[in-house]
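Asker: Below is one structure. I have some questions about it.
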Amino acid sequence: MIRPLYSLVALLPIATIFFLLVITRRPASQVMPVAYFVTIASALSIWRVPFREVVASSIQGLFAAVEILYIIFGAVLLLNTLQVSGALATIRQSLLGISRDRRVQVIIIAWLFGSFIEGASGFGTPAVITVPLLVAIGFPAMAAVISALIIQSTPSTFGAVGTPIMIGIDAGLDGVPSVQAQLVTLGLTQPDYLVLVGRWAGVFHGIIGTFLPLVLVAVLSLGFGDLRQSIIQRLRQGLSIWKFALFAGLAFTIPYTLTALLIGPEFPSLIGGLVGLSLVVTAARSDFLMPEHPWDFPEGESGSTSDFSPVVPAIIPANNLSINPRSISPQAQPLSPQKAWLPYVLLGFFLMVSRLEFLPFRDWLQAVTIRWSNILGTNVTATLQPLYLPSTIFIFVVMITFFLQGLSFQSLGVALRKTIPLLRKTALALGAAVLVARVFINSGVNMAGLESMPLTLADSMTLLLGAAWPVFAPLVGTIGSFVAGSVTVSNLMFSLFQFGVAVQTDVSTALVLALQCVGASAGNIICISNIVAAEATVGLVGQEGILIRKGFLPTLYYVCFAGLLGGGASLLLSTGLL
């Protein structure tokens, strides 16, 4: 078989996912198992991977799936605990009344608060909090959903305390000889290399994300402004807040980028969200850089008839997280804002303390390691560090919240019962997706004398694009998250592919992997599973096509900007100017 045909076969798992998920619109719980068997068939019949190697790779994938599911469990359990305690209601009330300008509200709630939640929890959590909050203060449901989707880009690379890099890219490259060889050449360990990737990603996101609040208010005014006005008039109304929007962008991206450069990939979104939220809320209260005339939706278009009267839309069950706005309504004895926000403050503190190298806690937590070396006699190894995973911190904060907020065991049981069904719905799709990635990646051990499937694809892309690859690298990440529904899974599937192309074209591998992360984060905006989950929280049904169209231009902005930055950075590196 000639090389282009091998590339086509290597493309089969991805094409299967795209066709079944996007064209036929089958749910991921049905699509990913099919893709897994297609990947196995290609590995066994064409690549002639030993059956034992396939099974070992699948076991390794199960370890990675357990890690991700455990993180989801902890994040959602904390969210549901705050919901039943009434803390979310207090958090909502503390965000209301800062400004009557809808543009200011969406910047504070979606851009900053949503980014903070993404940094702490990830996995679609920002939408399930910010969408109901926006609707509750008068946003049209469609406007609330598209706003939440747009902001799930810049913070997503470092979402859930850096999971897309610390688990996604790490698992995608783990144990690959060509990767280990380059790490030796660079004099870096794999954790050091991941920090380097995070630094590049932080710089790219920092530049692109600075202007994202402007994109957000432009989409809001164009799509949901007074349609009797011209496009130019609506756009001008949205962008009249440009000074405040740029300030809000910088208030997040400066601490975000500095954290990526100086600390690591776990905390940029968390710290950027916290710092940005405090700065921008203070600025809004002080009327700093605020527009002269507040902007609102046309009468009859908002989600409520009064300024801040809550709206309680119908709730449609989703295959992802969902919060019923009824359940975040103010309680009979509401918590103080300090007590309501304290769990998130503690979460950020404990996560940071557990990751700082000069403190002993990191080594203590990493000391508990579950390892299966040489699975079934192969070179495949699976490792799990349960105490070091962010979910352990989430659960610890839940325990503290139980006492601080005076929860009963019955309330905690309600939070737990609301969390378990999510894992059941997520486990099959997520588990199969990770298995696809591991078999796909480990196909380099074969009797056909071929490179692994990702590297085979990389060879073909090298011939087509050569040194121009950094310009196109973000698009691969975007396609990955659009199809797979997750930045982490996109990184799992395409990290080795991107690494291979970078090596073949003599481009910085860390640079290209950072562009993979940036592109994957952009794909979150139009990811079908994210859209379905977000629209379900406010009762929208069957609006995926409209939301994809509304999210297409913000996605295009992000991918093209990232490609230009990547191409420019690669050129500067090759000429020795960077």
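Asker: Go through segment 357-378 residue by residue and tally those that are closer than 13 Å to I59 by Cβ and polar (S, T, N, Q).
Answerer: Of the residues in segment 357-378, 3 are closer than 13 Å to I59 by Cβ and polar (S, T, N, Q).
Asker: Then there's this: Would you confirm whether or not segment 29-52 contains a residue that is assigned to a helix (DSSP H, G or I), among the hydrophobic types (A, V, I, L, M, F, W, C), within 27 Å of the chain's Cα centre (by Cα) and modelled with pLDDT under 90?
Answerer: yes
Asker: OK, next. Considering only segment 396-410, I want to know if a residue exists there that is surrounded by 14 or more Cβ atoms within 10 Å (Cβ to Cβ), in contact with a Phe, Trp or Tyr (Cβ under 7 Å, 6 or more places away or on another chain), part of a loop (DSSP other than H, G, I, E, B) and of a type in the set (A, V, I, L, M).
Answerer: Looking for residues that are surrounded by 14 or more Cβ atoms within 10 Å (Cβ to Cβ), in contact with a Phe, Trp or Tyr (Cβ under 7 Å, 6 or more places away or on another chain), part of a loop (DSSP other than H, G, I, E, B) and of a type in the set (A, V, I, L, M), one finds none in segment 396-410, hence no.
Asker: Please go through segment 364-385 and give me each residue that is within 27 Å of the chain's Cα centre (by Cα), farther than 24 Å from I441 by Cα and surrounded by fewer than 16 Cβ atoms within 10 Å (Cβ to Cβ), ordered by number.
Answerer: Q366
Asker: Name the pairs whose Cβ atoms lie under 6 Å apart, with the first residue in segment 380-391 and over 14 Å from R355 (Cα atoms), the second modelled with pLDDT of 90 or more and assigned to a loop (DSSP other than H, G, I, E, B), and 6 or more positions between them or separate chains?
Answerer: Correct list of pairs: T381/S373.
Asker: Return the pairs, sorted by first residue and then second, in which the second residue is among the aromatic types (F, W, Y) and not in a helix (DSSP H, G or I), the first residue lies in segment 84-109 and is at pLDDT 85 or above and surrounded by 23 or more Cβ atoms within 10 Å (Cβ to Cβ), the beta carbons are less than 6 Å apart, and the residues are 6+ apart or on different chains.
Answerer: Matching pairs, first to second residue: R102/W295; R103/W295.
Asker: Which residue pairs have Cβ atoms closer than 8 Å, lie 6 or more positions apart in sequence or on different chains, and pair a first residue in segment 26-50 that is over 16 Å from N442 (Cβ atoms) with a second residue that is among the hydroxyl-bearing types (S, T, Y) and surrounded by 22 or more Cβ atoms within 10 Å (Cβ to Cβ)?
Answerer: From segment 26-50, the pairs are A28/S529.
Asker: Restricting the search to segment 66-88, which residues are under 20 Å from G119 (Cα atoms) and of a type in the set (G, A, S)?
Answerer: Within segment 66-88, G74, A75, A87 qualify.
Asker: Just checking, which of I546, I525 is more than 19 Å from the chain's Cα centre (by Cα) and either among the aromatic types (F, W, Y) or within 28 Å of V135 (Cα to Cα) (or both)?
Answerer: After applying the criteria, what remains is I546.
Asker: Just to be sure, is D192 over 19 Å from E292 (Cβ atoms), charged (D, E, K, R) and surrounded by fewer than 21 Cβ atoms within 10 Å (Cβ to Cβ)?
Answerer: Taking the combined requirement at face value, the residue satisfies it.
Asker: Which members of segment 156-187 meet the condition of being in a helix (DSSP H, G or I) and among the acidic types (D, E)?
Answerer: Within segment 156-187, just D170 meets the criteria.
Asker: Could you tell me which numbered condition F358 fails, if it satisfies all but one of (1) assigned to a loop (DSSP other than H, G, I, E, B); (2) surrounded by 13 or more Cβ atoms within 10 Å (Cβ to Cβ)?
Answerer: For F358, the exception is condition (2).
Asker: A follow-up question, please. What do you reckon, is G124 surrounded by fewer than 24 Cβ atoms within 10 Å (Cβ to Cβ) and touching a residue at least 12 places away in the same chain (Cβ under 8 Å)?
Answerer: no
Asker: Okay, moving on. Any idea which residue in segment 532-578 is nearest to V219 (Cα to Cα), counting only those that are among the aromatic types (F, W, Y) and in contact with a Phe, Trp or Tyr (Cβ under 9 Å, 6 or more places away or on another chain)?
Answerer: This residue is Y557.
Asker: Looking at segment 479-576, what helices (runs of 4 or more DSSP H) fall wholly within it and have at least 1 residues that are modelled with pLDDT under 90 and within 28 Å of F139 (Cα to Cα)?
Answerer: Hits in segment 479-576: 528-536, 544-574.
The values are calculated or read from the model by the stated rules, or taken from the named source; none is laboratory data. All of these numbers come straight from a predicted model, not from anything done at the bench. Neighbour counts run over all protein chains shown; Cβ positions are idealised from the backbone, glycine included.
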